[in-house]
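Colleague: Below is a structure I'd like to ask you about.
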2 protein chains.
Amino acid sequence: MTSLAMIEAAAKRLHGHTRVTPLLTSPFLDDFAGRRILVKPECLQHTGSFKFRGGWSALSALDETARAKGVIAYSSGNHAQGVAHAATLHGAPSVIVMPSDAPQLKIDNTRALGAEVVLYDRATEDRDAIGQRLAGERDLTLIKPFDEPQVIAGQGTVGLEIAAQAAEFGVKGGEVLVNCGGGGLTSGIALALEARAPQMQVRPCEPKGFDDVTRSLKSGQIERNSQTSGSICDAILTESPGKITFPILQRLCGAGLVVTEDEALHAMALAFLRLKIVLEPGGAVSLAAALFHGSELHSETAIVVATGGNVDPEMFNQALMRFV
Amino acid sequence: MTSLAMIEAAAKRLHGHTRVTPLLTSPFLDDFAGRRILVKPECLQHTGSFKFRGGWSALSALDETARAKGVIAYSSGNHAQGVAHAATLHGAPSVIVMPSDAPQLKIDNTRALGAEVVLYDRATEDRDAIGQRLAGERDLTLIKPFDEPQVIAGQGTVGLEIAAQAAEFGVKGGEVLVNCGGGGLTSGIALALEARAPQMQVRPCEPKGFDDVTRSLKSGQIERNSQTSGSICDAILTESPGKITFPILQRLCGAGLVVTEDEALHAMALAFLRLKIVLEPGGAVSLAAALFHGSELHSETAIVVATGGNVDPEMFNQALMRFV
């Protein structure tokens, strides 16, 4: 189980290798939302998403022998790039198993960052099975995207930064909106804030039709999505919360927030216009929740973790043309 | 004359009000440029450009009586927004004289930030004359966009941050590429670096056809552009370097770098793709110089000041569709 001590240890290993992303603000967004909005732009993290933190944490926690043999990961794209880049920087080989319908940009980047990419069909094949088979054949260490203590610890460093940076704004409480797939980032942040900013409450954010975490938190047991493709929010489509992450989410998080694809696109357009950052749809869900679901929030301040920016230009343009 | 002491004093007044923008990197950009590229994304500054620094510096340096009467500025858009926002936050009224062909987004934002906007025709009217007349009529303090010591001091804080942040990367030398209109930012950075990182050399960057600073540095006297409109790099179109700024540029800067509009658009596309930031054409000229004019540089490291991101979505989309 990931603990605060593990997150703090990860923060030490990440220091100087990951980027401390700032907290951004805009009076236009505050007006729009009717409350103070602080945005943590993890799109500015290396490889364009927070996933590099978990990748670096996992790679740096391996013993040298395992690292030299290499690692394997399965991912829709952001975990792929995070692990590939972290592995290459550690001098370790990496194999990444990616769905064949992942954005071309993410597939290309993963290769360019030094990984061997293996594609699979999201509808008919089981990525876990493929990952485990390849890992066994080549003696690679499998780095799971979220249900992995050292990955959760790495993502949790976002929470440590939020606590320290919000305090500089005089903010000690408020709701922290986090895009949630399997819950690695969300649970890591929740653990960090439990210790460092206990007056903050984490709210998982999901796209409509893929709200497994929101439903799981309501029912008290792990619920599943009927599908894991078919949304533009590809970065956060997972079948269900993890076995490790769900108990943490259940213990520490408030209710989930669910937004439409159009709300995510609109949030991307406003992030372009008001913050000058590039978000992908799955990275803008939390901002969409803050902007369009304010009635479901109860705090003066919403801290929005904008998780990634690896978006194809056509999709980005669609957001701008429809919503600026 | 602006001095290091004035820049340091401005930094104290700016502390907690302006954003300390990070230094961004990308292995893809390093590969493309053939050298290390560190990007200072001032598009992430409040109001979307570095101009808020100079605006805040000037407003905070005024005595209370003058501030209560209000300020006036003339600007193609970024200085306008910077002064308007800084004035409103200081509780001071502001009048902004803007060219009627400025991007609509900049005009709208300036109004929304609390300013009274007065439009003029760039081809037939003299903005300085208009500004001075209005200032006289209403007893407003004129805040010039660059030839103003406290504005230069505010922009110079970018240089203080570069010296400190580059040192964290182990970088003490290198060329610092700065988009240059009238030279307020460029001269401020040069003054700061003269003291804090004397092994760095500032290189002014301009769009083709508007290379007054480059030509002035070559000839040793102030040269003028034949026009001040007709480029997509609207943010940095000025007739000539300033009377205050030019001697500083002449004493401290290396030769100018001149890029085409297409190179600026290409740099915007690569900033979208690799850094996840939004740049306007005039804000991307320095990055274009680093990426496409490497043969004119002589250092292992290029530090690029990406000065602003206030771009209309149509222009941004043009960059993506042509160059991603």
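Colleague: Taking the stretch A:257-268, which residues are in a helix (DSSP H, G or I), more than 14 Å from every other protein chain (Cβ to nearest Cβ) and surrounded by 20 or more Cβ atoms within 10 Å (Cβ to Cβ)?
Modeller: Listed by number, the residues that qualify are A:263, A:264, A:267.
Colleague: Something else about it: With the checklist (1) among the basic types (Lys, Arg); (2) closer than 17 Å to residue B:155 by Cβ; (3) in contact (Cβ under 8 Å) with a residue 12 or more places away in the chain; (4) surrounded by fewer than 24 Cβ atoms within 10 Å (Cβ to Cβ) in hand, flag the one item residue B:40 doesn't pass.
Modeller: (4)
Colleague: Let me ask something else. Looking at B:282, B:254, can you tell me which residue is at pLDDT 95 or above, surrounded by fewer than 24 Cβ atoms within 10 Å (Cβ to Cβ) and of a type in the set (Gly, Ala, Ser)?
Modeller: Just one listed residue meets the conditions, B:254.
Colleague: Now for a separate question. Scan the stretch A:1-32 residue by residue and report those that are small (Gly, Ala, Ser) and within 11 Å of chain B (Cβ to nearest Cβ).
Modeller: Residues satisfying the conditions are A:16, A:26.
Colleague: Taking the stretch B:269-280 as the search range and keeping residues that are in contact (Cβ under 8 Å) with a residue 60 or more places away in the chain and in contact with a helix residue (DSSP H, G or I) (Cβ under 7 Å, 6 or more places away or on another chain), which one is nearest to the other protein chains (Cβ to nearest Cβ)?
Modeller: B:278
Colleague: Assuming residue B:296 fulfils every condition listed in (1) surrounded by fewer than 20 Cβ atoms within 10 Å (Cβ to Cβ); (2) at the interface with chain A (Cβ under 9 Å from one of its Cβ atoms); (3) not basic (Lys, Arg) apart from one, which condition is it?
Modeller: (2)
Colleague: Going through B:92, B:68 one at a time, which residue ends up being outside the structural domain of residue B:311 (by TED's automatic domain parsing), in a helix (DSSP H, G or I), modelled with pLDDT of 95 or more and over 20 Å from the mean Cα position of the chain (by Cα)?
Modeller: Matching residue, one of B:92, B:68: B:68.
Colleague: Could you tell me whether any residue of the stretch A:228-238 is farther than 16 Å from residue A:41 by Cβ and outside any loop (DSSP other than H, G, I, E, B)?
Modeller: Within the stretch A:228-238, one or more residues are farther than 16 Å from residue A:41 by Cβ and outside any loop (DSSP other than H, G, I, E, B).
Colleague: Away from chain A (no Cβ under 14 Å), more than 21 Å from residue B:43 (Cβ to Cβ), over 21 Å from the mean Cα position of the chain (by Cα) and without any contact (Cβ under 8 Å) to a residue 12 or more places away in the chain, is that true of residue B:126?
Modeller: yes
Colleague: Here are some conditions: (1) at pLDDT 95 or above; (2) of a type in the set (A, V, I, L, M); (3) farther than 24 Å from residue A:158 by Cα. Residue A:98 meets all but one. Which one does it not meet?
Modeller: So residue A:98 meets the others, but not (1).
Colleague: While we're on this one: Please enumerate the residues belonging to the stretch A:38-54 that are among the β-branched types (Val, Ile, Thr) and either more than 14 Å from every other protein chain (Cβ to nearest Cβ) or closer than 19 Å to residue B:38 by Cβ (or both).
Modeller: Result: A:47, single match.
One line per residue, one yes/no per condition, for (1) in contact with a Gly (Cβ under 9 Å, 6 or more places away or on another chain); (2) surrounded by fewer than 24 Cβ atoms within 10 Å (Cβ to Cβ); (3) of a type in the set (Lys, Arg):
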{"site": "A:3", "(1), (2), (3)": "no, yes, no"}
{"site": "A:17", "(1), (2), (3)": "no, yes, no"}
{"site": "A:25", "(1), (2), (3)": "no, yes, no"}
{"site": "A:28", "(1), (2), (3)": "no, yes, no"}
{"site": "A:33", "(1), (2), (3)": "yes, yes, no"}
{"site": "A:47", "(1), (2), (3)": "yes, no, no"}
{"site": "A:58", "(1), (2), (3)": "yes, no, no"}
{"site": "A:73", "(1), (2), (3)": "yes, no, no"}
{"site": "A:85", "(1), (2), (3)": "yes, no, no"}
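Colleague: Of the residues that sit in the stretch B:175-224 and are of a type outside the set (A, V, I, L, M), touching a Lys or Arg at 6+ places or on another chain (Cβ under 8 Å) and not in a helix (DSSP H, G or I), which one is surrounded by the most Cβ atoms within 10 Å (Cβ to Cβ)?
Modeller: This residue is B:175.
The values are calculated or read from the model by the stated rules, or taken from the named source; none is laboratory data. A quick note: this is a predicted structure, and the numbers were derived from the prediction, not measured. Cβ atoms come from the backbone with ideal geometry, glycine included; neighbour counts cover every protein chain shown.
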